[in-house]
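Everything on this sheet refers to the single structure shown next.
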């Protein structure tokens, strides 16, 4: 596949930037399927912000489950015992939802 240098527009600053043949080849070897959204300067600035922002979801390999943000909870009725419970996802109705006790009854032991 022959690559040609292309001009893209940065989604952050709106500047035009070149997506060089070398960059396209590198993207292909890494398995990337999308073109870059940001110019090199905005990419570098974003990486620098992420490295310095404590609590940022990308820094320090933080896990979302340990963040201080509260998760939205949804009311549900346990399919095992019928008890009212709350779950961190919107029940769809096509699959059973369990409270923690009901889940432990249904879940096979490891």
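The values are calculated or read from the model by the stated rules, or taken from the named source; none is laboratory data. Since the structure is predicted, the reported quantities are computational estimates derived from the model, not experimental observations.
Tell me whether segment 41-51 contains one or more residues that are part of a loop (DSSP other than H, G, I, E, B) and either modelled with pLDDT of 95 or more or not assigned by TED's automatic domain parsing to the domain that holds residue 88 (or both). No, because not a single residue in segment 41-51 is part of a loop (DSSP other than H, G, I, E, B) and either modelled with pLDDT of 95 or more or not assigned by TED's automatic domain parsing to the domain that holds residue 88 (or both).
So which residues in segment 79-94 are over 29 Å from the mean Cα position of the chain (by Cα) and either modelled with pLDDT under 90 or in a loop (DSSP other than H, G, I, E, B) (or both), if there are any at all? Give the steps one after another, and end with the answer.
Here is the first cut: in segment 79-94, the residues over 29 Å from the mean Cα position of the chain (by Cα) are 79-84.
If the condition is that a residue be over 29 Å from the mean Cα position of the chain (by Cα) and either modelled with pLDDT under 90 or in a loop (DSSP other than H, G, I, E, B) (or both), then 79, 80, 81, 82, 83 are the ones that fit.
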